[in-house]
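Structure record follows, encoded as structure tokens.
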Amino acid sequence: MATPILRLGTRGSPLALVQARMVRARLCAAHGWDEDAVEIVIITTTGDRVQDRALAEIGGKALWTKELDRALDAGEIDCAVHSMKDVETIRPVRLMIAAMLPRADVRDRLIGAASIAALRQGAVIGTSSPRRAAQMRRLRPDLRIMLFRGNVDTRLAKLAAGEVDATLLASAGLDRLGRADVGVAIPNEVMLPAPAQGAVGIECLADATRIRDWIAAIDDLPTHACVAMERAMLAALGADCHSPVAALATITASGIAMRAELLTEDGSEHVSGEAAGGIGDVGVAHDLARDLIERAPPAVRRLFTLSLDG
């Protein structure tokens with residue numbers, strides 16, 4: 001067996017491992033390596049260990065990344081694979097997202113009912129996402145929300161056991177796990193997805209030039225541009241894991257366009273908008289953030305802190 005060239009750090013959930021294998025396959029194809037040239041190293045995160053509380057209560061998105069960051073700093077791994085929607089908006093300057101894989105289906109999928117309208121009156125929806133909870137309550141104020149955490153299998157098992165009437169999962173994750181037939185995709189016009197949903201990123205130390213170049217060879221530029229724009233809007237809004245915010249950027253014939261929505265926690269008030277400009281122009285994200293905050297009801301505005309620095 002060849003000595004591994006790269007040690008690829010990942011969480012140990014089934015989806016995380018599938019995504020790590022996707023990254024390994026692309027690296028090997030790009031560089032002509034054998035599969036055993038990339039070693040997959042499982043790192044257990046706090047987010048994986050603590051399943052009975054909302055992330056916002058116990059440290060936010062850093063619970064998915066801090067152990068991987070430590071492993072990078074300690075030289076235990078050379079790069080880390082992330083679901084980009086789980087990565088904090090502001091990252092340490094010593095780290096960089098060197099590549100993103102082509103984005104998968106960004107839509108949410110409803111599991112347990114044929115449609116949102118088909119849910120019974122007062123139905124219980126299992127989710128740990130403030131965005132999904134707020135959007136569902138906006139569409140159906142009668143719905144009740146129950147905290148629902150765990151990997152895909154865990155959530156589907158809870159649903160099958162009757163703990164809730166329905167749940168929401170990302171289409172991208174279900175598809176990657178070979179479960180394209182599970183649930184019903186919700187159009188983006190009905191429920192705009194989370195910023196960076198469907199994107200997988202590979203992070204390394206910023207000064208690790210050789211490793212960074214290896215990883216950059218598999219970067220999907222359209223995905224990277226769109227996700228960077230969505231994350232720039234989050235940063236401008238001062239949004240965190242508590243914030244009910246949705247956004248989607250897309251490449252157009254003339255550049256990039258982005259739609260976004262901010263909501264109150266109970267979905268009773270919201271504001272939405274869109275902006276367009278050149279690819280890589282962070283001003284698009286800033287303009288949209290400013291427009292949303294200026295038009296937002298006070299109950300929405302209080303959840304965000306507009307900052308257009310950087």
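The values are calculated or read from the model by the stated rules, or taken from the named source; none is laboratory data. The model shown is predicted, which means the values in this text are computed figures rather than measured ones. Because the Cβ atoms are built from the backbone with ideal geometry, glycine has one as well, and the counts that use them run over all protein chains shown.
Is it the case, given these coordinates, that Asp213 is of a type in the set (D, E, K, R), farther than 25 Å from Arg70 by Cα and outside the structural domain of Arg259 (by TED's automatic domain parsing)? Give the steps one after another, and end with the answer.
Values: of a type in the set (D, E, K, R): yes; farther than 25 Å from Arg70 by Cα: no; outside the structural domain of Arg259 (by TED's automatic domain parsing): yes.
No.
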Can you give me the number of residues within the stretch 298-310 that are over 30 Å from Leu221 (Cβ atoms), touching a Leu at 6+ places or on another chain (Cβ under 9 Å) and assigned to a loop (DSSP other than H, G, I, E, B)? 2
Tell me, yes or no, whether the stretch 209-216 has at least one residue that is among the hydroxyl-bearing types (Ser, Thr, Tyr), closer than 29 Å to Ala29 by Cα and surrounded by fewer than 15 Cβ atoms within 10 Å (Cβ to Cβ). yes
Given Ala239, Ala225, Ala296, which one is of a type outside the set (D, E, K, R) and under 21 Å from Asp105 (Cα atoms)? Ala225
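If you check Met100, Met136, which single one turns out to be modelled with pLDDT of 95 or more, within 30 Å of Ile5 (Cα to Cα) and in contact with a strand residue (DSSP E or B) (Cβ under 7 Å, 6 or more places away or on another chain)?
Met100
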For the stretch 129-151, how many residues are farther than 13 Å from Asp108 by Cβ and part of a loop (DSSP other than H, G, I, E, B)? 9
Do we have any residue at all in the stretch 277-297 that's assigned to a strand (DSSP E or B) and over 30 Å from Ile77 (Cα atoms)? yes
Of the residues that sit in the stretch 146-180 and are more than 28 Å from Ala260 (Cα to Cα) and without any contact (Cβ under 8 Å) to a residue 24 or more places away in the chain, which one is surrounded by the most Cβ atoms within 10 Å (Cβ to Cβ)? Ala157
